[in-house]
Structure formats: structure tokens, C-alpha cells
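Undergrad: Structure provided below as C-alpha cells; questions to follow.
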Amino acid sequence: MTWRVLGGSFKQNTSSIVYVMPWKIAQLEFCEKQQFLMVAGSKVQIEPLLAEVLAYFCQHAGQVISRDRFIEQVWQGRIVTDNAVNRVIAKLRKLLADDSANPSYIVTLPKKGCPCYSCEHIE
């Protein structure tokens with residue numbers, strides 16, 4: 001299985017506001033460092049692994065990521081089952097209100113690799 005990160009433009013956040021919001025995903029803003037999403041003006045804290053996966057996808061937007069590479073980079077040598085990876089992706093899809101049948105963010109490419117995104121840095 002392979003995933004494709006949907007394309008996007010990237011802009012570095014250089015402002016010095018209270019919350020550094022380095023990623024914009026459609027109408028959502030994601031703070032990798034503080035591990036939260038801003039959804040309709042509300043701050044939603046997300047668990048560390050989901051934040052790490054989301055950050056990885058944002059950093060690799062526009063790329064096809066193999067499942068092996070994804071596991072190697074995110075889990076960094078820890079043993080993980082396919083079921084555990086699938087659960088994390090499902091949780092992330094739910095958090096982003098992304099439909100696996102008609103995805104906006106995470107696209108699964110069977111027999112090629114992992115899910116992926118359209119993200120951009122906020123300026």
C-alpha cells in the first residue's frame with residue numbers, strides 16, 4: 001500500500017504570535033510543536049502520535065510515501081503492526097473529517113504506499 005500526499009504550496013510562518021501555526025490544511029491550522037489543531041476558531045489538542053503523523057504528511061505533501069518508509073520514519077525502528085498503522089490513519093482521518101471513500105487529505109494507493117496531504121505553511 002502506498003499513500004500520496006496531495007499537492008500544496010508551502011510558506012514559512014515568520015510571525016511571533018502566541019501560538020506558532022506552521023501548517024494550514026484547508027480551513028484547519030495545525031501547530032506541530034504544541035500538537036493542536038485550530039478548527040473553526042477552537043483549539044483541539046491532539047495526541048502526540050497523531051501530531052507526528054500529521055506533521056510527517058505535511059512535510060511530505062505532494063509525495064507518494066511507501067508504507068515501509070512511513071513506518072521507518074514515524075515509528076523509528078519500533079515494532080508496529082499493520083493494524084496499528086491503520087488505526088492511526090483512521091483516527092487522523094476522523095480528526096480531519098476526511099472520508100476514505102472520497103478523500104480530501106489522505107489518499108490511499110493500494111499496493112504502493114501510505115496516505116497523504118495538502119498542507120501549506122502559514123505566512
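Undergrad: Only one of (1) under 18 Å from Leu37 (Cβ atoms); (2) surrounded by fewer than 16 Cβ atoms within 10 Å (Cβ to Cβ) fails for Gly62. Which number is that?
TA: Tallying (1) under 18 Å from Leu37 (Cβ atoms); (2) surrounded by fewer than 16 Cβ atoms within 10 Å (Cβ to Cβ), Gly62 fails exactly one: (1).
Undergrad: Looking only at residues that are closer than 24 Å to Leu109 by Cα and in contact with a Cys (Cβ under 9 Å, 6 or more places away or on another chain) in the range 27-54, which one is surrounded by the most Cβ atoms within 10 Å (Cβ to Cβ)?
TA: If we take residues in the range 27-54 being closer than 24 Å to Leu109 by Cα and in contact with a Cys (Cβ under 9 Å, 6 or more places away or on another chain), then Leu54 is surrounded by the most Cβ atoms within 10 Å (Cβ to Cβ).
Values quoted throughout were computed directly from the atomic coordinates according to the rules given, and no laboratory measurement underlies them. Fair warning: this is a prediction, and the values are worked out from it, not measured in the lab. Note that each Cβ is placed from the backbone with ideal geometry, even for glycine, and that neighbours are counted across all protein chains shown.
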